[in-house]
1. Quick one: is TYR283 touching a Cys at 6+ places or on another chain (Cβ under 8 Å), part of a helix (DSSP H, G or I) and modelled with pLDDT of 95 or more?
2. Residue pairs, Cβ under 9 Å, 6 or more apart or interchain, first in the stretch 182-198 and assigned to a helix (DSSP H, G or I), second open to solvent by 60 Å² or more (accessible area, probe 1.4 Å) and modelled with pLDDT of 95 or more. List them.
3. Is there any pair linking a residue in the stretch 374-400 that is acidic (Asp, Glu) and at pLDDT 90 or above to one that is part of a helix (DSSP H, G or I) and open to solvent by less than 40 Å² (accessible area, probe 1.4 Å), with Cβ under 9 Å and at least six apart or on different chains, and which?
4. Checking the condition open to solvent by less than 50 Å² (accessible area, probe 1.4 Å), more than 20 Å from VAL339 (Cβ to Cβ) and not acidic (Asp, Glu), which residue from ALA198, ALA228 passes?
5. I'm trying to understand the selection: among the residues of the stretch 119-133, which are open to solvent by less than 40 Å² (accessible area, probe 1.4 Å) and either modelled with pLDDT of 85 or more or not basic (Lys, Arg) (or both)?
6. Let me confirm something: among GLU94, GLU60, which residue is at pLDDT 90 or above and either within 12 Å of LEU134 (Cα to Cα) or over 27 Å from the mean Cα position of the chain (by Cα) (or both)?
7. Is it true that THR360 is of a type in the set (S, T, N, Q) and under 27 Å from ILE281 (Cα atoms)?
8. Does the stretch 134-166 hold any residues that are within 13 Å of the chain's Cα centre (by Cα) and either closer than 25 Å to LEU83 by Cα or open to solvent by less than 20 Å² (accessible area, probe 1.4 Å) (or both), and which are they?
Amino acid sequence: MQQLYFHVIGDPQVKLWGLTPRERLIRQIRHVADVSPIDDLRTLPKGALVILARGDFLTEVRTFRRLISHPDILLRYAADQRLTAGCVSAKHAEVAAALLRGDLTDIPEGLDVVDPAELDAFDIDLRRSAPPLLEPVTAGEQVRLEDLLYGNAYKGITDLVTKWFWPRPAKRAVHLFANLGVTPNMITSVGFLLMLVAGVLFYHGHYALGLAAGWIMTFLDTVDGKLARVTAQSSRLGHYLDHGIDLLHPPFWYVIWGMSLTNFDTMLGLNQTEYYWMIFIGYIGGRVCEGMFHLLGSCSIFGWRPFDAYFRLFTARRNTCMILLTLAVAIGRPDWGFVAVALWTVLTTAVLTLRLLYGTMVRLTGEPLRSWLSSPDSAAKEHPRAFRHFSVTRSAYGQG
């Protein structure tokens, strides 16, 4: 494997989410690969690759991943044709750096230039479709640029609470925590404690208090991920901790809720134990469907077609089930909430199973499974309403 280095050109003292552009670039590049800083490009080992980036431009981690996978490409800011970043071999390093500084203008043979629009617009991790961010950093644009960073940290396809209710309050919380130097893992740890508190409260029948703890936990679950992305602090530990908590706790919450219903006899002809099995089998089955769908193609089960994106808004994940439990407590029937969660879990898993079977049939015909968002122009033309809703989460950018 080729040795990989990075070299940042310039460092304007304009902080976005508490970081200067240079600090952000260094964190982003280190997330991409095992890299070493280098100040003097003349000392680059023969055969090495170096990532070059201007400190006065804002970009994204996925851009660096793409540049590394296609060496000897320079990224151009289309508005004024300035070259902003690139990944080049050692023999081109000094010339490429001069081009980024503006000391040279002629592109030598062996180097290609691309605009962000030529890079892949579909972000498979965040299930959204938008060209990679590339913006000049200036003092007068701090608010707009912070909005862009926050909006770009948001999934396009997610549940209705995360998509429509959390973006604005979560942005204020992220601002506060970024200014205080709070790390995403600290917030995840608080969320873990609230998860335990909610479970204990549910078990003892203190439903309203348990729901309060649970809703705060779900809010912090949004905040920690957005804070990690806007401050470039994502870590493997944080990823596993956050997703591990998200994956494991929901069915236990629902079963604990059912265990608190000491006077529960039967409902719709089923007893508590049967509902417990419905919850566990339905929840595990849904997750298995999602995992198996990933094996069929390069998209998630919720990102395949517009139907799946709409279905993700309401499928039986934690936030949707929390709505059912909250409504049940509001009308004084926590037992109805328990039953509703079990039935909705089974129903939505049945839909996921059908989508998996359909996807398998399509794949067996030889047709690849790609997200409808992977071709933004076609998606916007064929599904304009869905594209507006799911290509990005517009409220995260301060838009309606």
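1. Details: touching a Cys at 6+ places or on another chain (Cβ under 8 Å): no; part of a helix (DSSP H, G or I): yes; modelled with pLDDT of 95 or more: yes.
Considered against the rule, which asks whether it is touching a Cys at 6+ places or on another chain (Cβ under 8 Å), part of a helix (DSSP H, G or I) and modelled with pLDDT of 95 or more, TYR283 comes out as no.
2. VAL190/ILE216; GLY191/ILE216; LEU194/ILE216; VAL197/LEU209; ALA198/LEU209; ALA198/ILE216
3. Close Cβ pairs (under 9 Å, with a partner that is part of a helix (DSSP H, G or I) and open to solvent by less than 40 Å² (accessible area, probe 1.4 Å)) amount to GLU382/PRO306; GLU382/TRP372.
4. On the way: ALA198 fails: more than 20 Å from VAL339 (Cβ to Cβ).
After applying the criteria, what remains is ALA228.
5. At the first step, the residues of the stretch 119-133 found to be open to solvent by less than 40 Å² (accessible area, probe 1.4 Å) are 119, 121-123, 126-130, 132-133.
Answer for the stretch 119-133, where residues must be open to solvent by less than 40 Å² (accessible area, probe 1.4 Å) and either modelled with pLDDT of 85 or more or not basic (Lys, Arg) (or both): LEU119, ALA121, PHE122, ASP123, LEU126, SER129, ALA130, PRO132, LEU133.
6. Working: GLU60 fails: at pLDDT 90 or above.
Going through GLU94, GLU60 in turn, the sole match is GLU94.
7. Details: of a type in the set (S, T, N, Q): yes; under 27 Å from ILE281 (Cα atoms): yes.
The answer is yes for THR360.
8. Within the stretch 134-166, the first condition is being within 13 Å of the chain's Cα centre (by Cα), and the residues that meet it are 149-159, 162-163.
Those that are within 13 Å of the chain's Cα centre (by Cα) and either closer than 25 Å to LEU83 by Cα or open to solvent by less than 20 Å² (accessible area, probe 1.4 Å) (or both): LEU149, TYR150, GLY151, ASN152, ALA153, TYR154, GLY156, ILE157, THR158, ASP159, THR162, LYS163.
The values are calculated or read from the model by the stated rules, or taken from the named source; none is laboratory data. The structure presented is a predicted model; accordingly, all values stated were derived computationally and were not measured. Cβ sites come from the backbone with ideal geometry, for glycine too, and all protein chains shown count toward neighbours. Quick note on the areas: whole protein, heavy atoms, side chains included, nothing else; ligands and nucleic acids left out. Shrake-Rupley method; radii C 1.70, N 1.55, O 1.52, S 1.80 Å.
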